[in-house]
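The values are calculated or read from the model by the stated rules, or taken from the named source; none is laboratory data. All values reported here derive from a predicted model rather than from experimental measurement. Cβ atoms come from the backbone with ideal geometry, glycine included; neighbour counts cover every protein chain shown. Surface accessibility is based on the protein's heavy atoms, side chains included, excluding ligands, DNA and RNA. Shrake-Rupley method; radii C 1.70, N 1.55, O 1.52, S 1.80 Å.
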Number of protein chains: 10
Amino acid sequence: MNKAQVVEAVVLAKKAKQLTWESIASTLGMSTVWVTSACLGMNSMPEQAAEKLCELLELPSEAKSVLMEYPTKAWSPAIPQDPLIYRLYEVVGVYGDTLKEVIQEKFGDGIMSAIDFSMEVEKQPDPKGDRVVITMNGKFLPYKAW
Amino acid sequence: MNKAQVVEAVVLAKKAKQLTWESIASTLGMSTVWVTSACLGMNSMPEQAAEKLCELLELPSEAKSVLMEYPTKAWSPAIPQDPLIYRLYEVVGVYGDTLKEVIQEKFGDGIMSAIDFSMEVEKQPDPKGDRVVITMNGKFLPYKAW
Amino acid sequence: MNKAQVVEAVVLAKKAKQLTWESIASTLGMSTVWVTSACLGMNSMPEQAAEKLCELLELPSEAKSVLMEYPTKAWSPAIPQDPLIYRLYEVVGVYGDTLKEVIQEKFGDGIMSAIDFSMEVEKQPDPKGDRVVITMNGKFLPYKAW
Amino acid sequence: MNKAQVVEAVVLAKKAKQLTWESIASTLGMSTVWVTSACLGMNSMPEQAAEKLCELLELPSEAKSVLMEYPTKAWSPAIPQDPLIYRLYEVVGVYGDTLKEVIQEKFGDGIMSAIDFSMEVEKQPDPKGDRVVITMNGKFLPYKAW
Amino acid sequence: MNKAQVVEAVVLAKKAKQLTWESIASTLGMSTVWVTSACLGMNSMPEQAAEKLCELLELPSEAKSVLMEYPTKAWSPAIPQDPLIYRLYEVVGVYGDTLKEVIQEKFGDGIMSAIDFSMEVEKQPDPKGDRVVITMNGKFLPYKAW
Amino acid sequence: MNKAQVVEAVVLAKKAKQLTWESIASTLGMSTVWVTSACLGMNSMPEQAAEKLCELLELPSEAKSVLMEYPTKAWSPAIPQDPLIYRLYEVVGVYGDTLKEVIQEKFGDGIMSAIDFSMEVEKQPDPKGDRVVITMNGKFLPYKAW
Amino acid sequence: MNKAQVVEAVVLAKKAKQLTWESIASTLGMSTVWVTSACLGMNSMPEQAAEKLCELLELPSEAKSVLMEYPTKAWSPAIPQDPLIYRLYEVVGVYGDTLKEVIQEKFGDGIMSAIDFSMEVEKQPDPKGDRVVITMNGKFLPYKAW
Amino acid sequence: MNKAQVVEAVVLAKKAKQLTWESIASTLGMSTVWVTSACLGMNSMPEQAAEKLCELLELPSEAKSVLMEYPTKAWSPAIPQDPLIYRLYEVVGVYGDTLKEVIQEKFGDGIMSAIDFSMEVEKQPDPKGDRVVITMNGKFLPYKAW
Amino acid sequence: MNKAQVVEAVVLAKKAKQLTWESIASTLGMSTVWVTSACLGMNSMPEQAAEKLCELLELPSEAKSVLMEYPTKAWSPAIPQDPLIYRLYEVVGVYGDTLKEVIQEKFGDGIMSAIDFSMEVEKQPDPKGDRVVITMNGKFLPYKAW
Amino acid sequence: MNKAQVVEAVVLAKKAKQLTWESIASTLGMSTVWVTSACLGMNSMPEQAAEKLCELLELPSEAKSVLMEYPTKAWSPAIPQDPLIYRLYEVVGVYGDTLKEVIQEKFGDGIMSAIDFSMEVEKQPDPKGDRVVITMNGKFLPYKAW
């Protein structure tokens, strides 16, 4: 089994058992966003989480070590097309320079890490239409002079 | 004066007066992210905000109507290169499918609007290194069948 | 069964039963354009529509839930080549700035939604050659300052 | 004067005289969309329209023949970025195959012309948010066997 | 059977029966270029031509309706590489602006249709080396003001 | 003066003198397509033609040698956008494999030269709409085995 | 059997019989470069060469006609990556304008044919490190005025 | 003065003095190809050659050190368009894998250097049309295991 | 067996035998980086190394000659996406011109070879977070004038 | 003065004063690679370094604050062309997967930072040709589960 095959097995088992990402994450005791990303093959699972997932979804035994493998991250196409994902790309395009100005004004020259990083998604009820709230939390890494 | 010239004038005046985006935003009574984006020419200013900005930065009188013009939004290159902005693009690449799964599980088929949208940046102090917290808040728009 | 397999099954059944998109849409009581797009895997079907379609086309029972799944929308190539589709891309290229000017003059700064959106195609008989009339109808979304 | 210079002169004069595209079009007795596109240099003006425009906007005399010149149509970038224009591109991407199916079911094998073509934009008031209605009208051109 | 499978069947049968495109076209009573393009899946065949072709090449009965289907036209790569095809692309690149000037001088603002279009290839014997003569014939479509 | 400057001078002089490409070509005793391409900087002129052109258009004396210079041929964008030129690109895309089949069936393995090459444009009157006739004539170059 | 299958068969047979391209070429009485290119599917073989090759490598009988077929030449990626091939691309990039200047100074306006063309590779022993000598020989084709 | 300005000065002086690249190279006692490439800014000149060139072309004194500067080599577009240069790119595309096979059969695993490299262009008279002979000579660099 | 199949066999055997790249390299008596690259199909193995590897991993006998084959090196996508690899690309982007300045100041006009080249990776313990140390060692190749 | 203007001033002053990057770095008491990158506008200078540089190179007083500004890092083209820089890109392409395997085997799932990063260039004398030694040193950043 490779990553792609385990992802497929996870998605099929989740559908067959009528589970949600949220309930799977709750069983594992971890965040929904992170658990989903690991189930889609974009993060490696610590052993305990992989074990619990295999149990919950009754995956074949060899799935555990594959879930623990370090993935090669990739996406296609380079400019996203699905409207939900494109809108995020558009936000980066429209507000990229703004975020650079504001972050560097607050922190100095450096970046927000995408590795020492976490993200949450919340639903904010609103009578004019519910709102999606995405919170990104990344360590600030200052540029180093040497 | 066109947008690009006004952006340059704003940036020079801000530097000459040693202002920060945060203090400018506070004078205008609006969010730092939004004010910065409008000053960089990526959003159009309501009349009152444009007026206050011109006053604060002592911009030439014709700047006001240019700040109110509706911009054509563009960015280059399509795949960002500056490390701070690239990391955000990478987050969209790595977590795009995850966000689609999680948002659509919570809300149904649809997207987060990038138009009816706001964003904040906060500094979260941390002894192991301060953290950047970016919060995006967009209206959920359900797909419509007809 | 995944989306691609259900699309193939729909297209084969439609051909075998010698149905048109228009007659299928009429049976479902919905618009021809929307029904076609959902049958081609570009929109998710509400339960009732999926049920009716499965019945009409005698699709396997598992097709229903697949028709209801939220699709990942994608197209290739990024610059269309089929002449019918390219002409629409050309219209966007030639008249894009014009539409921006005209829409924003009428509505203020904002966009036409492609999500809260519907589209119809009509045939307008004309002795000099019949004409295609495409009507797009999307909610205006004003940019938000914050 | 070349096309680009005349476009700039038109836009400045329109702003100085506080005219709208709609009022200019009405003075010329032609459609707003077409007049705007010609003023932005994407269509050539018939002599009479060019003359009226020069008079209305008090353009230099050599502008008339430039407005009548046949433009080389171009747009950049090939994949649009401004959100209003991108949404139209997205519609072509998401619904391109659908439109091909529906148009060819109604008309036979062929395309909708983008040359023998007109387009209108209307505002449809709606208590839940006004709607943009774009109507495209193009001659159907059947493929020819020989 | 889909288009690609029918194209393969046509090519194999043509080889097995040692026929030429010219002789096939002559049997169908149509132009060699058009018949070849339809056999390669780039044009849809009228019923009678499809019937004759199936008979001549002893194709399976379901091939007929597939030959009549309206193809989605595509080519790859976007910039051709095979030297014969590249040379034609080069001609369009080198002489594109020239053809625009000359055609529009003769006809006014508009284009040559690629839909209401035919093309022939002839061999012109020449002692210094035979010459290829390609004749394109397309309806002129004037731009429309509205 | 460089090529670009001479092209601009030619175009301005042609406009000022109200000449057509056809009349210029006729004065030079050469084909309209070739003369236009050389005037647009895509071919080098033999001395006599350059001399006649300078005289006819009253170009500065240094223009002659520039017209005789060997140009670096280039076009942009690689995938044309102007509709008239795009249609020619589309013809190459749709009919490229067909032309390869037909030409190589008639001539053997090889190509049509784009260098030992000429092209003509004719207007074919037609009550249903005049037609553009483009004739390309290129030497067949057989591949060489060695 | 198609070209790709015959190429694979040739490569396997060459390996099994422990032959070199040079010895195969010598058996066929032709150049190593040309024979290799034809064996890799980039040139069509004259009947006699195809026959000899089939005999030498004990290829299945249908391979002969496939070796004689006219190939569609293609390469991927458009910008080569393998270091040996990239260095040649780099030479074209770095010295392209130089070669244009030097060739056109010697021959007049025109090009070196890549069709009426041959190429040899020699090993030039050198105590400081042997050297690769590539010789390209192409017919000069002058541009034609008409 | 920068490289681009010196290149322009060299080209203008060469034209004014009616020199050829060959005669300039001969004065410098070096190869025509190399001298041309250095004059076009793609190689750095040793001091003595730069000095002689400045003298021969009567360039301003500061040109000497600029000719000696190490250039940043670049070309555009990445896929060449000028027919003379494209043909060389095509040769690399069509024969790239062939050259890899033949060179590595003769030399082992490695590449031909494009740095420890020279190139000559010769004219080979031929009654059927003169031929261009390009000879590339590069040191073979074997891959190193470690 | 081809390269890709042998790479897969190596990776599976390494996993089954719970070996590390470091231990495999140590058994072969060569560097970890080089051995890994050869096992991933990006370098050809000398006979002795291939033999030892086959023995150690109990690979099928035909694997040995495939490990010795000269690979065609390729990577995809051209702009890396996996964050670990992208950071290296970013270093080349950000520091490319700097490295050119510094290397050429120390060595003269020329490059660092990527063929006569070796690389090591070390772990440098650090209480603030361990550090990756990558050392590249390539022969300097001076440009040659001729 | 903006970054680009200061970079130009630095480069001109360095040339006029006949300084090397190494001597400038030594005066500043910092690494040659870092100082060069900051002088080329790819890193921001701490105040003290900027002050010393202005003094050493006698730059205009406003240069100091510009040297301290946080740059937007960018490079062009995305796939490098200059041979020295391309070789580094090639190393990333050929050895990217290898580095991922080796680093992650030593450190676990994570990346080498390009921000908390330093780099040195050394000359290693060698009778067979001096060697370039590039040492990269970046903090290992482990992926975080949450």
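Residue pairs whose Cβ atoms lie under 6 Å apart, sitting 6 or more positions apart in sequence or on different chains, and linking a residue in the stretch E:70-90 that is over 18 Å from F:Ile115 (Cα atoms) to a partner that is of a type outside the set (A, V, I, L, M, F, W, C) and assigned to a loop (DSSP other than H, G, I, E, B), are E:Tyr70/D:Asp109; E:Tyr70/E:Ser44; E:Pro71/E:Gly41; E:Thr72/C:Asp82; E:Lys73/C:Asp82; E:Ala74/C:Gln81.
When you check J:Asp126 against the structure, is it open to solvent by 10 Å² or more (accessible area, probe 1.4 Å) and more than 10 Å from chain A (Cβ to nearest Cβ), yes or no? Before you say what the answer is, go through the steps one by one.
Values: open to solvent by 10 Å² or more (accessible area, probe 1.4 Å): yes; more than 10 Å from chain A (Cβ to nearest Cβ): yes.
Criteria met by J:Asp126.
Under the condition of being of a type in the set (D, E, K, R) and closer than 30 Å to B:Lys128 by Cβ, which residue from the stretch I:129-146 is surrounded by the most Cβ atoms within 10 Å (Cβ to Cβ)? By that ranking, first place goes to I:Arg131.
I'm trying to understand the selection: among the residues of the stretch C:1-16, which are of a type in the set (Val, Ile, Thr) and open to solvent by 70 Å² or more (accessible area, probe 1.4 Å)? Steps first, answer last, please.
At the first step, the residues of the stretch C:1-16 found to be of a type in the set (Val, Ile, Thr) are C:6-7, C:10-11.
Passing the criteria: none in range.
Report those helices (runs of 4 or more DSSP H) wholly inside the stretch J:17-99 carrying at least 2 residues which are surrounded by 23 or more Cβ atoms within 10 Å (Cβ to Cβ) and facing chain I (nearest Cβ under 7 Å).
On the way: elements: J:21-28, J:32-39, J:47-57, J:63-68.
By residue number, J:32-39.
The condition (being at positive phi and modelled with pLDDT of 95 or more) is satisfied by just one residue among D:Gly108, D:Gly93: D:Gly108.
Just to check your reading of the model, which residue among D:Leu67, D:Leu40, D:Leu28 is closer than 23 Å to B:Glu69 by Cα and in contact with a helix residue (DSSP H, G or I) (Cβ under 9 Å, 6 or more places away or on another chain)?
Working: D:Leu67 fails: closer than 23 Å to B:Glu69 by Cα; D:Leu28 fails: closer than 23 Å to B:Glu69 by Cα.
After ruling out the rest, the residue left standing is D:Leu40.
Total residues in the stretch D:100-123 satisfying the condition of being open to solvent by 10 Å² or more (accessible area, probe 1.4 Å) and out of contact with any Gly (no Cβ under 9 Å at 6 or more places or on another chain): the figure is 10.
Is it the case, given these coordinates, that A:Val33 is under 16 Å from A:Val66 (Cβ atoms), among the β-branched types (Val, Ile, Thr) and touching a helix residue (DSSP H, G or I) at 6+ places or on another chain (Cβ under 7 Å)?
Details: under 16 Å from A:Val66 (Cβ atoms): no; among the β-branched types (Val, Ile, Thr): yes; touching a helix residue (DSSP H, G or I) at 6+ places or on another chain (Cβ under 7 Å): yes.
Criteria not met by A:Val33.
The set of residues in the stretch C:119-146 that are among the acidic types (Asp, Glu) and assigned to a strand (DSSP E or B) comprises C:Glu120, C:Glu122.
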